[in-house]
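First up is the structure itself, then whatever we jot down about it.
The values are calculated or read from the model by the stated rules, or taken from the named source; none is laboratory data. Just so it is clear, the structure is predicted and the values come from calculations on it, not from any experiment. Cβ placement follows ideal geometry from the backbone for every residue including glycine, while neighbour counts extend to all protein chains displayed.
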Amino acid sequence: MGMSSGEELKQFMERWSSLRIGVMTSDFNLLLDLVEAAGEMRLTLFPAGKEENGEVPVDCIISDRVGNGSSQIPGGIPVVPVMKDAFATLQRAAAACMGGFRPSGLIVGIDPGKRPGMAFICDGRLVSIGRAAGAEDAIERVHLAISALIPDDALVRVGDGAPSSRDAIISALLDDGMKVEIVDERRTSKIGRYSDEAAAVAIAHTAGNAASGHTGHEYQKQEHRE
């Protein structure tokens, strides 16, 4: 039997909080944007420099001196480029640290509501969590994650609660050509400090009903009639 979403989230947070992401840039405004986004994502940034023993004390490096493709420096430390959005840049960096860059499959779990909880799973591995500012922000974060992680395939699973938020998210993602499933939230948990994120993890791991061609509300009414 697999671990619960709460246990998975606990293990993830232990790894996430220990990540050391280095930044190599002389652009002060870029640095401010990254620091602000890192604070929201509960990540810590460090100057990307070498210690006296010659080792780089970070798990990965964000640099504005590399091209669009990610690379590595001696020692296997990933180096990721600066993207148009600070959130996407940090998500790619964190995923590179945790082995989630360029996955075969990306599943995004969304717990809809005033501040939707979000979870991003690459090839079965949880690589990022967060809370969006609202439905519109959640939609944008899905697209930013896809541009940052570059998966071969992507699926979004949205909980069936909070109808207004849920339907706005589903409708917009379907209009954008995304594959979307609606998940029964009765099987998800909202207990603990990161309750929305834990629910999003559970939603991401739970197969739902395809929402093709319908908002969540319309789809549920059709399913009920059947």
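Side notes on the structure shown:
- In the set A145, A154, A119, A135, only one residue is in contact (Cβ under 8 Å) with a residue 24 or more places away in the chain, in the same structural domain as A210 (by TED's automatic domain parsing) and over 15 Å from D176 (Cα atoms); that residue is A119.
- Those residues of the stretch 101-117 which are buried (at least 22 other Cβ atoms within 10 Å of the Cβ) and touching a Lys or Arg at 6+ places or on another chain (Cβ under 6 Å), in sequence order: G109, P112, G117
- Taking the stretch 165-175 as the range and being surrounded by 13 or more Cβ atoms within 10 Å (Cβ to Cβ) and out of contact with any Pro (no Cβ under 8 Å at 6 or more places or on another chain) as the test, the residues that pass are D167, A168, I170, S171, A172, L173, L174.
- Single residue of the stretch 65-84 satisfying the filter (at pLDDT 85 or above and not in a loop (DSSP other than H, G, I, E, B)) that is surrounded by the fewest Cβ atoms within 10 Å (Cβ to Cβ): P81
- Of all residues in the stretch 133-155 being touching a Gly at 6+ places or on another chain (Cβ under 8 Å) and aliphatic (A, V, I, L, M), the one that is nearest to G117 (Cα to Cα): L155
- Test result for G159, in contact (Cβ under 8 Å) with a residue 24 or more places away in the chain and outside the structural domain of R65 (by TED's automatic domain parsing): yes
- Complete set of residues in the stretch 85-114 that are in a loop (DSSP other than H, G, I, E, B), closer than 20 Å to L45 by Cβ and either of a type in the set (D, E) or touching a residue at least 60 places away in the same chain (Cβ under 8 Å) (or both): D85, M98
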